[in-house]
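Working notes for the structure below.
The values are calculated or read from the model by the stated rules, or taken from the named source; none is laboratory data. Note that the coordinates shown come from a computational prediction; the quantities given were computed from them, not determined experimentally. Cβ: placed from backbone, ideal geometry, glycine included. Neighbour counts: every protein chain shown. Side chains included, ligands, DNA and RNA excluded: accessible areas come from the protein's heavy atoms. Shrake-Rupley method; radii C 1.70, N 1.55, O 1.52, S 1.80 Å.
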Amino acid sequence: MEKLKPILRAIPTAAAEFSPEPITDDEAAAMFRAVLNLFRLWNITDEEAATLLDQPARTYRRWKAGDLGRLDRDHKARLSNLMGIHKALRVIFREPQRGYAWIKAPNKVFGNRTALNVMLGGELTDLMRVRRYLDAERGAW
């Protein structure tokens, strides 16, 4: 009987280079629907929601009613950051209500302003600032 030699294969040990795929329109539409629910849970006004999404309140109300317009890269990035904020809060707080209330609670890290006040600065970077803070708190990186 012939003895079989084992075949050795290299196993990659380095992490693959990260190359994110762009958010599709269908994914963005799903995120928008989720963010509508999030805004309801955060108990924010249509005007505040429109600011977070960087669009006129009239457009936001039309989209909210189901006539979703074109979601450009900025809208997709805003939706992604809002979903990331929600995810981080769900990881940090065991009780969802505490996470929803946190958005409107003064925070020393933000100069005793609320996270909502920071995000209502209207810039994408304002959303990113809150998300980065929460990601650091939950130990994401």
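Does the range 95-141 hold any residues that are without any contact (Cβ under 8 Å) to a residue 40 or more places away in the chain and crowded, with 16+ Cβ neighbours inside 10 Å, and which are they?
Gly99, Trp102, Asn107, Phe110, Thr114, Ala115, Asn117, Val118, Asp126, Arg129, Arg132, Tyr133
Here are some conditions: (1) in a helix (DSSP H, G or I); (2) over 16 Å from the mean Cα position of the chain (by Cα); (3) touching a residue at least 40 places away in the same chain (Cβ under 8 Å). Ile44 meets all but one. Which one does it not meet?
Evaluating Ile44 over (1) in a helix (DSSP H, G or I); (2) over 16 Å from the mean Cα position of the chain (by Cα); (3) touching a residue at least 40 places away in the same chain (Cβ under 8 Å) leaves (1) as the failure.
Looking only at residues in the range 64-74 that are of a type outside the set (Asp, Glu) and not in a loop (DSSP other than H, G, I, E, B), which one is farthest from Glu48 (Cα to Cα)?
Arg73
For the range 1-37, what are the residues that are surrounded by 10 or more Cβ atoms within 10 Å (Cβ to Cβ) and among the hydrophobic types (A, V, I, L, M, F, W, C)?
Ile23, Ala28, Ala29, Ala30, Met31, Phe32, Ala34, Val35, Leu36
Tell me, which residue of the range 75-94 that is charged (D, E, K, R) and free of Cβ contacts under 8 Å to residues at least 40 places away in the same chain is farthest from Gln55 (Cα to Cα)?
Per the criteria, the residue is Arg94.
Between residues in the range 55-66 that are open to solvent by 30 Å² or more (accessible area, probe 1.4 Å) and residues that are hydrophobic (A, V, I, L, M, F, W, C), which pairs lie under 7 Å by C-beta distance while being six or more apart or on different chains?
Qualifying pairs under 7 Å: Pro56/Ala50; Lys64/Leu36.
For Ile85, state whether it is at pLDDT 95 or above, in contact with a Lys or Arg (Cβ under 7 Å, 6 or more places away or on another chain) and either among the hydrophobic types (A, V, I, L, M, F, W, C) or not in a helix (DSSP H, G or I) (or both).
Yes: the conditions hold for Ile85.
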